[in-house]
Amino acid sequence: MRSIGDFAPLWENTDPAGPAADGHGGRRGTKRLRRSSLDSLDNDRIGSLSPSTSSQSRTISHPDHSRTEPYFVAGLGPADLPSSAAFPHQAATSDKQKTNVGRDAIGEQLASLNPPLYSHRHLSSIDADSTSLQRQHAAVMTAILHVSLLKGDYLRAGKAFGILLRVGPGVNTLALRSGGNWGIGAEILLQQALEAERRVSRRRRSDDQNISTYDDYSDSYATSAIEISDFQSSITAAKDYYEALILQHPFKKQNPHAVDARTFYPALFGLLIYEATESSRRRSASTSSPESSPAPATIRQAELRSARAIAARMDDVLASPPYNTFAPLLRLRGMVALWIADLITDLATAAAAAAEQRIDDDDEDMYSDDEDRRARDEALRLADVEREKAHVCFERCVQAGGDVPDPLLRLDR
């Protein structure tokens with residue numbers, strides 16, 4: 001093996017009285033003497049090296065390319081088949097398999113450090129058993145929830161959904177904001193009222209058919225009252241559910257793509273619109289006595305009041321960012337404005353028809369005719385104002401990146 005001295009420079013003492021002292025010819029002779037001495041010394045050292053060392057140096061300076069081939073590196077011969085179709089890129093699969101470690105194993109490794117970096121609950125056998133039981137319980141409740149939804153048993157589905165929401169943290173349970181699970185809760189609350197109505201109708205069909213007319217009217221009126229009460233209670237529960245979600249998950253600028261109040265506000269206002277229209281339909285289709293049923297104009301006026309209340313609440317939300325540029329809410333506000341305009345127009349048309357009928361009956365009432373005409377003109381003006389609001393909301397929605405059908409943008413203002 002070579003030592004440091006083998007690579008040290010060689011210095012030789014020359015006689016100053018020799019040929020070097022005589023002019024240029026002496027200097028050239030001295031240089032030739034030094035070069036010949038160095039060459040002979042290097043030849044002696046190279047010859048003293050062992051054959052293995054010299055062959056190794058030749059291998060390093062001139063590598064054998066066959067030893068760098070993928071077959072040689074993988075330990076395969078030229079006649080062997082590759083181990084996989086991804087050859088020679090086979091190591092990535094084994095690395096993936098080695099790094100596929102569960103959460104429990106990672107937690108145990110972090111907890112075993114000194115000091116521990118993670119308070120792992122599974123180190124205790126009691127905690128491990130309790131957590132395993134909680135996971136089994138959550139899995140059973142999830143299965144009951146899906147089966148109940150498929151069968152239409154929304155009462156049992158609501159109980160299972162509530163239990164899943166109450167399971168303690170740290171367990172693989174139902175994530176309310178992921179996968180649209182929040183919509184499942186609202187749908188269960190709404191469908192529970194419909195299921196209650198179906199139970200009432202089945203109970204009514206099973207009653208005795210041989211009853212008097214008065215009893216039939218009274219039973220129908222009571223059944224209708226029960227249906228309306230169940231509907232209102234389910235709507236109230238769903239509204240409280242959405243309002244709680246809005247308060248618990250407000251908009252955060254740091255996480256603009258999260259499921260937050262921007263997702264729940266359109267659903268809440270859609271529920272309010274459904275409540276107003278469905279209540280109007282139920283009053284119109286009421287099976288109570290004709291004397292106690294409300295007039296169509298009265299039902300329309302109640303629906304108009306509800307629509308204006310919804311529009312006022314939406315305006316309060318749209319007055320502040322980020323909702324003033326939120327396209328789904330702007331589009332929905334335009335739809336509500338068109339809804340109000342249609343209700344006003346229907347009421348004005350009905351009032352005009354009633355006025356004409358009254359004039360035909362009494363031709364001398366000219367003052368009433370003028371008042372009805374002015375009221376109708378004012379109603380039509382208010383309808384035009386609502387259509388103008390709808391057009392402005394649709395334009396703001398398009399500017400915010402939303403999508404609005406072309407017929408709505410081409411409405412006459």
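The values are calculated or read from the model by the stated rules, or taken from the named source; none is laboratory data. For clarity, every value in this text was computed on a predicted model and none was experimentally measured. Here the Cβ is made from the backbone with ideal geometry for all residues, glycine too, and neighbour counts use every protein chain on show.
Brief remarks follow.
- The set of residues in region 139-172 being at pLDDT 85 or above, farther than 15 Å from GLY185 by Cα and not hydrophobic (A, V, I, L, M, F, W, C) consists of LYS151 alone.
- Residue, surrounded by the fewest Cβ atoms within 10 Å (Cβ to Cβ), within region 238-279, restricted to residues that are polar (S, T, N, Q) and farther than 24 Å from TYR154 by Cβ: GLN254
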